[in-house]
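**Q** The structure's right below; bear with me while I get my questions together.
The values are calculated or read from the model by the stated rules, or taken from the named source; none is laboratory data. Keep in mind that what you see is a predicted model, and the values were worked out from it rather than measured. Note that we place each Cβ from the backbone using ideal geometry, even for glycine, and neighbour counts take in every protein chain shown.
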Amino acid sequence: MAKHKTKKSSRTSIKQKSSRPKKPAKLPKDAVALVVAMHAKSGQELLLQAELTALVRPSRNEEGCLLYDLHRSTDVPADFLFYEIWSSREAHAAHKQTPHFLRWNARKDTLLASRESTFWKKIS
């Protein structure tokens, strides 16, 4: 007599995802968010993107860096945005003294038409 293989229910092989997003870790008391909006000079968009991308990895590895994300506008390709979260203003001040930031700071004026930055404090 031939043995028949039985199919396992597909319900048991699919992992159920929680309907609730995971709760983010609580930020340190002195944590600050920094939003930096930049607009590239005409013709400098690709070079600016390369320079900004070069900042991401070393910045994320710094003590006190909790988040360091680079965004590019879908509506205005010359617009870029950094969204950063630092454990404190002092941690951000230390970031501004790193070799990768000093390199960027020396080059930014040739690439940027404008730049605005604002610190934010999470309230809820």
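**Q** Any residue that is modelled with pLDDT of 95 or more, assigned to a helix (DSSP H, G or I) and either of a type in the set (A, V, I, L, M, F, W, C) or crowded, with 17+ Cβ neighbours inside 10 Å (or both) - is there at least one of those in segment 70-82? Please lay out each step first, then the result.
**A** Pass one, segment 70-82, residues modelled with pLDDT of 95 or more: 70-82.
From the residues that got through so far, the ones that are assigned to a helix (DSSP H, G or I) too are none.
The answer is no; no qualifying residue exists.
**Q** Same structure, new question: State all residues of segment 32-69 that are more than 13 Å from the chain's Cα centre (by Cα) and surrounded by fewer than 14 Cβ atoms within 10 Å (Cβ to Cβ); if no residue qualifies, say none.
**A** Selection gives Ser42, Gly43, Leu46, Ala50, Glu63.
**Q** Considering only segment 91-104, state which residues are within 19 Å of the chain's Cα centre (by Cα) and surrounded by fewer than 14 Cβ atoms within 10 Å (Cβ to Cβ).
**A** At the first step, the residues of segment 91-104 found to be within 19 Å of the chain's Cα centre (by Cα) are 91-96, 98, 100-101, 104.
Ala93, Lys96, listed by residue number.
**Q** Return the pairs, sorted by first residue and then second, in which the second residue is among the basic types (Lys, Arg) and part of a helix (DSSP H, G or I), the first residue lies in segment 50-77 and is closer than 17 Å to Leu34 by Cβ, the beta carbons are less than 7 Å apart, and the residues are 6+ apart or on different chains.
**A** Qualifying pairs under 7 Å: Tyr68/Arg60.
**Q** I would also like to ask the following. Which members of segment 98-124 meet the condition of being small (Gly, Ala, Ser) and either assigned to a loop (DSSP other than H, G, I, E, B) or out of contact with any strand residue (DSSP E or B) (no Cβ under 6 Å at 6 or more places or on another chain) (or both)?
**A** Ala106, Ser124
**Q** Residue check: is Ser87 in contact with an Asp or Glu (Cβ under 7 Å, 6 or more places away or on another chain) and either of a type in the set (A, V, I, L, M, F, W, C) or at pLDDT 95 or above (or both)?
**A** Values: in contact with an Asp or Glu (Cβ under 7 Å, 6 or more places away or on another chain): yes; either of a type in the set (A, V, I, L, M, F, W, C) or at pLDDT 95 or above (or both): yes.
Considered against the rule, which asks whether it is in contact with an Asp or Glu (Cβ under 7 Å, 6 or more places away or on another chain) and either of a type in the set (A, V, I, L, M, F, W, C) or at pLDDT 95 or above (or both), Ser87 comes out as yes.
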